[in-house]
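Visitor: After the structure tokens below, expect a handful of questions from me.
The values are calculated or read from the model by the stated rules, or taken from the named source; none is laboratory data. Being a predicted model, the structure only gives us computed values, none of them experimental. Virtual Cβ from ideal backbone geometry, glycine too; neighbours counted across all protein chains shown.
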Amino acid sequence: MSIAINDPSCPPMISKAPIKVPPTAAVIFGATGDLTHRKIIPAFYHLAKNGLLPDDFAIVGFARRPKSDDEFRDDLGKALQEFSHTKPVDEAIWKKLSEHIYYFQGELDDAEAYKKLAEKLKSLPESPTIGENYLFYLATAPNFFGVAAQNLAAAGLASPHDGKRSRLIVEKPFGEDLKSAEELNRTLQGAFAETDIFRIDHYLGKETVQNLMYFRFANSIYEPLWNRLYIDHVQITVAEKVGVESRGGYYDHAGASRDMLQNHLFQLLTITAMEPPASLDGQSIRDEKVKVLRSIPTPSLDFLQKNVVRAQYGGGYIGGKPIPAYRQEEKVDHESLTETFVAARFEIDNWRWHGVPFYLRTGKALAAQFTEINIIFKRPPGVLFAADGNDRLRRNSLRIRIQPNEGIGINFNAKVPGKAETELVDMDFLYRSGFDQYLPEAYERLLVDALVGESTLFTRSDEVEQAWRLVDSLHTLWDKQKVRDLPLYACGSMGPVEADLLLEREGRHWIRPKEIK
Ligand code: BG6
């Protein structure tokens, strides 16, 4: 399938970011950490490579260890070689960008350090043109989010004045339950204006997730069917092949429900289920998304007991690579009851979706790595073809592949040539053959949007709190259950049999990912 995509009148993204970002000093807290190396610096590099950064742009890394600017630049350069999603790295671009990167040594909980940071920010070679235009990126351990925001405010770095601006990006996890998320919201909002707080859920930065809104609202064929009258159920899967690897310390307190369900899966759910927004501005879109979450009543313990499955992976091999059982992973409690897999059936109790189950599942150490949304339509009446043995015609479905093999497929019943039989066949759109444009990584889009103050692709405080309300209800159930063990699933499988039964008892089954070469 080929598509004309070079129409300049067509906005490239949901977010309406202008092409160039304004002169800014971006300060990364947690500058020597994994996220900076893997995602943030490669994203800045690609923005520079695509001509999206202005000449007057500076990046300041804030971290604890002593380091010179040059040592810091060298470390980042090595990380870029390893983690850049385009290779080879363009050395000239990196050299130019790295000349605007600086290092600042400080402790996150030391208020004095932020005052010194304020002085440093005023004395950078780029400062005369940048002025007091700042972007602060909290890529630290979550227990520092609040204190860093407060210290920034106390050092006068949070209050915009004279038309200048100061924005704050906060990484996930945003709290560990509703109460801590509310507290964190209060602390951040005490330091920065809500409009200057950008809570990251990197799934929203993915092109395919943004395309969901285009797919739904820029076409006329699907939206009339997008409701309880035509849709049988919806499946959302985020499956990962990797285990927890080196993140056992964090993961053992989070589990799949906090690490993935509360944020990424609920974001996919809200965009799939939301009403058309009044406009494409951040407020209208987020109003609609939060309405979806509000329409999911806090499930009763009885409902959860029947509709939620959790499990943990045992050891084994995936693709020939040994994976230890979860409890044997580094920094994981040997008796841990943390779930590495969760599947749940939710209902959105509103006019559009009443009675339509939304099945969500996510897990680590599974057989395949893919994120998909499957919309399964109601079974067509088989009357006409009953005599041909087709009284159980198969359901149409739409497969929205968020990653990998980004694209969308639809299937339908077709006549088998030469026979009076039907078979399910499909039509498929694949981004990589439909478009020849560069597909930016999620963090590139999100950095640009935060730099220009475009908030659509970030999570608002009420969205975060609504999502925690639901995840908290799961934990209330699990705390009450006081189990001594969790069901185990074989590493390299698609999760425990209980997750299959969740659908099978209702005459449905999980859709397997399609093989695409
Ligand atoms: C992160 C989770 O938010 O998302 C990780 O903390 C997970 O556990 C990751 O592996 C998945 O992101 P992606 O973009 O690789 O699907």
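Visitor: If I ask for residues that are within 29 Å of residue 370 (Cβ to Cβ), surrounded by fewer than 18 Cβ atoms within 10 Å (Cβ to Cβ) and hydrophobic (A, V, I, L, M, F, W, C), which ones from the range 283-312 would you list?
Guide: Of everything in the range 283-312, just one residue is within 29 Å of residue 370 (Cβ to Cβ), surrounded by fewer than 18 Cβ atoms within 10 Å (Cβ to Cβ) and hydrophobic (A, V, I, L, M, F, W, C), namely 303.
Visitor: Find the strands (runs of 3 or more DSSP E) located wholly in the range 155-261 whose residues include 3 or more that are within 16 Å of the ligand (Cβ to nearest atom), and list them.
Guide: Details: elements: 166-170, 197-199, 231-239.
Ranges flagged: 231-239.
Visitor: May I ask you to list pairs of residues, at least six apart or on different chains, whose Cβ atoms are under 8 Å apart, with the first in the range 251-266 being over 21 Å from residue 205 (Cα atoms) and the second being within 8 Å of the ligand (Cβ to nearest atom) and acidic (Asp, Glu)?
Guide: Close Cβ pairs satisfying both conditions: 251/259.
Visitor: Report, ordered by the first and then the second residue, all pairs with beta carbons closer than 8 Å, sequence separation of six or more or different chains, a first member in the range 89-103 that is over 23 Å from residue 123 (Cα atoms), and a second member that is of a type in the set (S, T, N, Q).
Guide: Once the first residue is over 23 Å from residue 123 (Cα atoms) and sits in the range 89-103, its partners that are of a type in the set (S, T, N, Q) give 89/81.
Visitor: Test each condition in (1) at pLDDT 95 or above; (2) under 19 Å from residue 451 (Cβ atoms); (3) surrounded by fewer than 20 Cβ atoms within 10 Å (Cβ to Cβ) for residue 199 and report the one that comes out false.
Guide: (3)
Visitor: Of the numbered conditions (1) out of contact with any Lys or Arg (no Cβ under 8 Å at 6 or more places or on another chain); (2) surrounded by 14 or more Cβ atoms within 10 Å (Cβ to Cβ); (3) modelled with pLDDT of 95 or more, residue 330 fails exactly one; give the number of that condition.
Guide: (2)
Visitor: Go through the residues of the range 220-235 one by one and say whether even a single one is surrounded by fewer than 20 Cβ atoms within 10 Å (Cβ to Cβ), at pLDDT below 95 and aromatic (Phe, Trp, Tyr).
Guide: yes
Visitor: Is it the case that the range 274-293 has a residue that's over 27 Å from residue 509 (Cα atoms), small (Gly, Ala, Ser) and within 13 Å of the ligand (Cβ to nearest atom)?
Guide: no
Visitor: Within the range 461-488, can you find the residues that are modelled with pLDDT under 95 and of a type in the set (Lys, Arg)?
Guide: Correct list: 480, 482, 484.
Visitor: Further question on the same structure: Any residue in the range 234-249 that's touching a residue at least 12 places away in the same chain (Cβ under 8 Å): show its pairings with residues that are within 10 Å of the ligand (Cβ to nearest atom) and part of a helix (DSSP H, G or I) at Cβ separation under 7 Å, as long as the two are six or more apart or on different chains.
Guide: The qualifying pairs are 238/260; 238/264; 244/251.
Visitor: Spot the failing condition for residue 62; the list is (1) at pLDDT 95 or above; (2) surrounded by fewer than 23 Cβ atoms within 10 Å (Cβ to Cβ); (3) not in a helix (DSSP H, G or I), and only one is missed.
Guide: Only one criterion in (1) at pLDDT 95 or above; (2) surrounded by fewer than 23 Cβ atoms within 10 Å (Cβ to Cβ); (3) not in a helix (DSSP H, G or I) is unmet by residue 62, namely (2).
Visitor: Being surrounded by 13 or more Cβ atoms within 10 Å (Cβ to Cβ), among the charged types (D, E, K, R) and either at positive phi or within 16 Å of the ligand (Cβ to nearest atom) (or both): is that true of residue 421 here?
Guide: no
Visitor: Among the residues of the range 424-447 satisfying the criterion of being within 18 Å of residue 212 (Cα to Cα) and in a strand (DSSP E or B), which is farthest from the ligand (Cβ to nearest atom)?
Guide: 427
Visitor: Can I ask one more? So is residue 280 at pLDDT below 95 and surrounded by fewer than 17 Cβ atoms within 10 Å (Cβ to Cβ) or not?
Guide: Yes: the conditions hold for residue 280.
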